[in-house]
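The values are calculated or read from the model by the stated rules, or taken from the named source; none is laboratory data. The structure displayed is predicted, hence computed values, not measured ones. Here the Cβ is made from the backbone with ideal geometry for all residues, glycine too, and neighbour counts use every protein chain on show.
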Ligand SMILES: [Zn+2]
């Protein structure tokens with residue numbers, strides 16, 4: 001019978017997944033996935049007002065505008 005050990009494995013896997021999710025969340029934050037303090041494009045600090053208005057902002061207003069313009073061009077082909 002291996003029922004007990006299967007349960008142990010499931011517990012262990014659950015713990016690993018939790019730790020992995022925490023690690024990914026931390027990495028995402030470091031990479032700016034949850035918004036960045038400094039613009040990822042020019043490195044200038046993003047104004048607190050802008051971060052409040054758009055918590056996921058990773059660029060200052062100027063660079064965001066440029067990126068969106070570029071994105072639209074790519075989207076258009
Ligand atoms: Zn910028």
Only one of these conditions is not met by residue 50: (1) at pLDDT 80 or above; (2) loosely packed, with under 11 Cβ neighbours inside 10 Å. Which number is it? (2)
On the given criteria, is residue 37 modelled with pLDDT under 90 and in contact with a helix residue (DSSP H, G or I) (Cβ under 9 Å, 6 or more places away or on another chain)? yes
Exactly one condition in (1) modelled with pLDDT of 90 or more; (2) surrounded by 12 or more Cβ atoms within 10 Å (Cβ to Cβ); (3) within 19 Å of the chain's Cα centre (by Cα) is false for residue 43; which is it? (2)
